[in-house]
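First the structure, in the form of structure tokens, and then the observations on it.
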Amino acid sequence: MTLSIFKSKTLIATIIIPVFLFTYSCSEGGGINIFSIEDDKELGAQLAAEIAADPTTYPILDPVTYADAYAMVYDIRDRILDAGQLFHTNDFVWEVKIINDDGIVNAFCTPGGYIYVYTGLIRYLEDEAQLAGVIGHEMAHADLRHSTDQLTQAYGISFLLAILLGDDDNTLADIAASLTQLAFSRDDETQADEYSVIYLCPTDYMASGSAGFFEKIESEGGLQIPEFLSTHPNPDDRIENIYATAAELSCSGEGIYEDRYQDLIDALP
């Protein structure tokens, strides 16, 4: 039985590998990507399950107990989605989880649109437009498929085959553990900054909200920037590019909603 299973998997691999060699595509972000949209969704669901199964590393707030906090974060997500600028508004789940760790100023988004925001980030930012800008940035990485671009480069066909053949448990655990440290390229980071502005531009938010994150860092003497908003390109360039994109698109929203944002902070544990 073991031998027949091995032969079966070998045969599948023999068939699949040439197919993927000739069916890879360019992602919305412009990179080469061997993953389909369905692969992104499946990978995201499996990673979300890995994260949910590790409450020590990822102490996710209960959505019922902290319903008010979730309602406010989901309202930000809905405003971004309703603006109609994403490629995959209806393809991905765009599910939000709040991770209860004030010591981590971070956020990340898996392939397929599972969004994670740390309480440390929420407490660090100053207004709702800044959080909307950061969430937009993370959603852009999933929407433009930067994560699976990176996974294609890092793992290639062997990784996708592992998922299809059900041999992916250890690899998925490794990927889940590294999501908060996933380093995107300079071009990916610049593009995510740009698309955060594009997503927010039709809303009443100040579309350049993510620039406020970098401005606060600089005002505090250059606190180390977390991986989710990597140090490349440098903060000065990013601030300038974010404002330039908002000006080029003639974004007119001015809402930052400081009082409402304080309500979100107060709703956290």
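The values are calculated or read from the model by the stated rules, or taken from the named source; none is laboratory data. Given the structure is predicted, the values throughout are model-derived calculations rather than measurements. Please note: Cβ atoms are built from the backbone with ideal geometry, for glycine as well, and neighbour counts cover all protein chains shown.
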Matching option when the condition is touching a Phe, Trp or Tyr at 6+ places or on another chain (Cβ under 6 Å) and free of Cβ contacts under 8 Å to residues at least 60 places away in the same chain, among Pro63, Pro55, Pro59: Pro63
Positions within the range 78-95 being under 16 Å from Glu42 (Cα atoms) and surrounded by 22 or more Cβ atoms within 10 Å (Cβ to Cβ), in sequence order: Phe92, Trp94
Qualifying residue in the range 44-67 (condition: at pLDDT below 95 and closer than 15 Å to His141 by Cα): yes
The range 237-254, residues that are touching a Ser or Thr at 6+ places or on another chain (Cβ under 8 Å) and outside any helix (DSSP H, G or I): Cys251, Gly253
Leading residue by the ranking (surrounded by the fewest Cβ atoms within 10 Å (Cβ to Cβ)) among those in the range 96-110 that are under 25 Å from Ser185 (Cα atoms) and either at pLDDT 95 or above or touching a His at 6+ places or on another chain (Cβ under 9 Å) (or both): Val96
